[in-house]
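Heads up: the structure comes next, in structure tokens.
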Amino acid sequence: MKISIGCDHIVTDIKMKVSDYLKSKGHEVIDNGTYDHVRTHYPIYGKKTAEKVVSGEADLAIVICGTGVGITTSADKVFGARAALVRDVSTATYAKKCLNANVIGMGGRISGLGLIENVIDTFLETKFEDNEENRRLIEKIDRIAEVKEGQQGNEDFFVEFIEKWNDGGYPAE
């Protein structure tokens, strides 16, 4: 299976361990960054990672930040991505089985590596229950999303935000 993975600077070490874990299980990994601990903006990596699934370059995706909330929300904004914030095996099962999630998000500072690995295994092994009830639910959720002109696949989408970042417009907390 081909897995797209991305993170913010807070959990780069966790992402690398997850990447190694996936490779040890025979999966191909598309690493979308970030690759170091230099403070960055997680929406960039949530978007890049989810786009790989939507485009068909990857089968599924995993996004990780400190809590998992921000990067998962960012990934879910990509039209066609069905991202779920997952912190336990039961939620991973439900996300895939009933909602056909194609992206899971996790908090590298919230969940330990062993739990993250268990959640990933469950997510990858669980099959979507393709039935009328689940299809109707997904259809209702998908209707909420709207494609924004120029967003999908646009490598320059964050240029103005990065410029503001570099100019000190987003001060460290």
>> Quick test for you: out of G105, G168, G153, pick the one residue that is touching a helix residue (DSSP H, G or I) at 6+ places or on another chain (Cβ under 9 Å), modelled with pLDDT under 95 and either closer than 20 Å to G68 by Cβ or not in a helix (DSSP H, G or I) (or both).
In response: G153
> Which condition number in (1) within 12 Å of the chain's Cα centre (by Cα); (2) open to solvent by 40 Å² or more (accessible area, probe 1.4 Å) is the one that I44 fails?
Replying inline: (2)
>> Among the listed residues E57, E28, identify the single one that is touching a residue at least 12 places away in the same chain (Cβ under 8 Å), closer than 22 Å to G114 by Cα and open to solvent by 40 Å² or more (accessible area, probe 1.4 Å).
In response: E28
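Could we say that A95 is buried (at least 17 other Cβ atoms within 10 Å of the Cβ), within 24 Å of E139 (Cβ to Cβ) and more than 10 Å from the chain's Cα centre (by Cα) here?
Judged against the criteria, A95 is a match.
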> Which residue pairs have Cβ atoms under 8 Å apart, sit 6 or more places apart or on different chains, and have a first residue in the stretch 104-121 that is among the basic types (K, R) and a second that is open to solvent by 40 Å² or more (accessible area, probe 1.4 Å)?
Replying inline: R109/I10; R109/T67
> In the stretch 99-122, which residues are touching a Phe, Trp or Tyr at 6+ places or on another chain (Cβ under 8 Å) and open to solvent by less than 40 Å² (accessible area, probe 1.4 Å)?
Replying inline: A101, I104, I120
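Kindly indicate whether K23 is open to solvent by 30 Å² or more (accessible area, probe 1.4 Å) and modelled with pLDDT of 95 or more.
Working: open to solvent by 30 Å² or more (accessible area, probe 1.4 Å): yes; modelled with pLDDT of 95 or more: yes.
In short, yes.
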> Looking at (1) more than 20 Å from N154 (Cα to Cα); (2) under 12 Å from the mean Cα position of the chain (by Cα); (3) not in a helix (DSSP H, G or I), which is the only condition K15 fails?
Replying inline: (3)
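The values are calculated or read from the model by the stated rules, or taken from the named source; none is laboratory data. The structure presented is a predicted model; accordingly, all values stated were derived computationally and were not measured. Please note: Cβ atoms are built from the backbone with ideal geometry, for glycine as well, and neighbour counts cover all protein chains shown. Calculation scope for accessible area: heavy atoms of the full protein, side chains included, ligands and nucleic acids excluded. Shrake-Rupley method; radii C 1.70, N 1.55, O 1.52, S 1.80 Å.
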